[in-house]
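Each reported figure results from applying straightforward, stated rules to the coordinates on display, with no laboratory input. Keep in mind it's a predicted model, so treat the numbers as computed, not measured. In this analysis, Cβ positions are derived from the backbone assuming ideal geometry, glycine residues included, and neighbour counts consider all displayed protein chains.
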Amino acid sequence: MSSETKPFKYSSKNWFPKISAATILGFFLAIIISGIFAKYTGAGISNDGAKVQLTMWLVAPVWLLIISFAFLFKNGVQAWLYLFIANIAAILLFVIK
Amino acid sequence: MIRADIVKMYKEAHSWVGIIAGLALFIAFYCGALTMFEAQINSWSAAAYTLPKPPPLERTQELIDKTIAKNPEAKKSYTINFKTDAYTPARMQWNIPTIGKNGKPMRGKDKIYYASLDDNGNVVTSPQRKSFAGKLIDDLHLKIGLPFTRYVSDFFMGTISVLYFVALISGTIVLIPSLIKDLFVIRFGKNLKRMWLDAHNLMGIFSLPFHIVMAFTAVIFAFHTPIYALQNKMLYNGNIQKLWEEIENDQIPANAKPLSVLELKSRIEQQAQNFTISSLSFKNSKDGHTTIRVTGDDPRFVTRTPTGGFGEVNPYSGQLEHTDTLPGFGTKYEPVVIGLFASHFGTYGGLPIKWAYFILGLAGAGLFYTGNILWVESKRKRARAKQDPSEIKQTKSGFILAQLTIGVSVGTIAGVSLLLALSRYLANYNAPEIYYNYVFYAALVLCVAWAFIRGPAKAGYETTFFAAFATALIPITTLISFLNRGFGIIEIVALIGTFALIYMGIKARKRAQNAPIDSVWHENCNQPANSLKVAE
């Protein structure tokens, strides 16, 4: 009971499970988000070399922001779980149309 | 406001990613700043040639015909330079690939020959004696000059760039609570750590947009191959290659004759009015097919490479093809992509932007240097009241990082200066590329070794004076060298650098004598205790 009354405090100690989740699952998530961009903007996925490039560029900022803010997960389990759910949601959004 | 525990967590993350990536980033930024002027560096360090002056463009066909008649192997692949200078001294050059052990031509290892016409219209040729100074500075920027394969160095620098991005975000989060209060204030005076922190924060926050752009573009440069591969599988069903292809009608008309260089020039200029051609490269395959690659610049557009845009020209019609890499062509996404490249290379807005990038790059190096100094300060063991400060032993980690920071940072500056000063001679005597590496690494290793032998305080000013001397060698070389090219911007920048380094050396020397004795920056500071004792 006492542990529940104690407010949660962030710590840099458990960085590894959080950051590894963001590095791996965050990378896949960034790829799928770039795919959502490619599919639902302009003419969709089409014969356009520049758009293929821009879609690739998009991965970096998304991935890097996920890694940078993954410290804000409370623990590693949460990081892996939420990023996994986000991946599933993004895949659904990508394939829905 | 941001919760204290979150700030603390990001502060620790910031220290760690900073300490891991800081020294590599120092080298990348110092050398990256210099690559803004790679063309000038190349011209500065180029060997002297006894070739006749390049003939006017009108005589190009004569030059090509006569050169190929005398050197038939030139026909396969040659380039006509519209712009010539010390680094590109000839109107025409041709290249012979060097065949590697696997039987394939080695990339970037072509042997290059120059051709010109003398007063009597005879062909004069000369093998290239290439200066690798600019290339080494670029390599140091791209991969710390590490002798690894492309994949290893990409992975290494990509990881460094990811850490760098995390350092930027975490540093900003740490800074936000005190931002409004302390910005614009550099607290000089007794508390040195405060001053370093203020300088670090000021540099960091004002160049933050620049740094964010650098970090994420660098991540793309390192990781684009795996990203494309994964996107191909996950998004494009393995069809990415088809999306790249352009619709072409490349049929060669019967009995068609390739256009002359002058005709090509005028047709290209009709299609792209403000485009200035730098060069046309001709490749003639065995089946008689000619491809022409054009490089050049349009001052109205940003370009995706540091030296301008490139594309292909139809040899029979002069029609520009593959224009999506030329400035001012392409789909609506093209300007965005080119802009992303240009934002890293500083190839927009001309010379003012180049200078701004040069200064921001040097300030970036300063950011990583001050970051390391702050880390050293945070490891400092202070004497308590009534304690004799000379009794205090400093931490091993603080001591080692101080030595590494001095050795690597000052060693990089000294190494690059020495490299530049000697590059004219190296190029003129046609030294192989590896000699340039030897010069740079000799200076770097010497400075690091010196820092470990002499301790951070003494090495702090001694290596700085050495770097000042190495930098002074650049204008001195100009004065005494047989290549009389006169004083230019490189000499002026080197002189400013020399005086700046002398000033810093004098300051560091004063600090070595006057700093508190319980600081690693005092020359009589106690050697570190082993870590067990430090833990108290």
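What the table below lists for this structure:
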| item | result |
| --- | --- |
| Of A:S68, A:S12, A:T41, farthest towards positive along the dipole that unit charges on Lys, Arg, Asp, Glu beta carbons give chain A | A:S12 |
| Averaged over B:504-515, number of beta-carbon atoms from partner chains that fall within 10 Å | 0 |
| For chain A, fraction of C-alpha pairs farther apart than 16 Å, in % | 61 |
| 19 Å Cα-Cα reach of B:K104 towards lysines, excluding residues that sit fewer than 8 places from it in its own chain | B:K76, B:K283, B:K286 |
| Separation of the B:K193 and B:Y151 label points, Cα + 7 Å toward Cβ, nm | 4.6 |
| Hydrodynamic radius (Kirkwood) for segment B:81-150, which is based on Cα pairs only, to one decimal in Å | 14.5 |
| Span-like helix ranges in chain B, DSSP H, alpha carbon extent 24 angstrom or more, Kyte mean at least 1.0 | B:4-35, B:150-182, B:208-234, B:396-428, B:433-480 |
| Average other protein chain Cβ within 10 Å of Cβ, residues B:227-236 | 6 |
| Sites B:L351 and B:K70 - FRET efficiency at Förster radius 56 Å, r taken between beta-carbons, to 0.05 | 0.85 |
| All Cα pairs of segment B:388-492, percent lying beyond 24 Å | 36 |
| FRET efficiency, B:I453 to B:F499 (Cβ-Cβ, R0 25 Å, nearest 0.05) | 0.35 |
| Net charge dipole size for segment B:1-121 [Lys, Arg +1 and Asp, Glu -1 on Cβ; Debye, nearest 20] | 460 |
| Length released on extending from B:K101 to B:L479, taking residue separation times 0.36 nm less the Cα-Cα span | 131.7 nm |
| Distance (nanometres) between label positions extended 7 Å along Cα→Cβ at B:K283 and B:Q387 | 6.8 |
| Cα-centred dipole magnitude for segment B:3-67, charges only on beta-carbon of K, R (+1) and D, E (-1), debye, nearest 20 | 240 |
| Förster radius 45 Å - calculated FRET efficiency between B:I434 and B:T276 (Cβ-Cβ, nearest 0.05) | 0.80 |
| Those residues of segment B:42-69 whose amide nitrogen sits under 18 Å from the label point placed on B:D118, 7 Å along Cα→Cβ | B:49-56, B:63-64, B:66-69 |
| Farthest positive-ward along chain B dipole, Cα basis, beta-carbon charges - from B:T347, B:Y429, B:N95 | B:Y429 |
| Extent along principal axes [Cα atoms of the protein assembly as shown; Å; largest to smallest] | 95, 72, 47 |
| Cα gyration tensor category, rounded, prolate or oblate, for segment B:29-154 with a/c compared to 1.5 | oblate |
| Signed unit charges on C-beta, dipole axis of segment B:52-184, positive-most listed residue B:T67, B:M106, B:P56 | B:M106 |
| Zone of A:F8's modelled label, taken as backbone nitrogen in segment A:50-87 under 17 Å from a point 7 Å along Cα→Cβ | A:69-86 |
| Space enclosed by the convex hull of the alpha-carbon atoms of segment B:1-78, per residue, Å³ | 230 |
| Coordinate range along principal axes, alpha carbons of chain B, Å, largest first | 98, 59, 45 |
| Cβ neighbours within 10 Å from other chains - mean over A:7-16 | 4 |
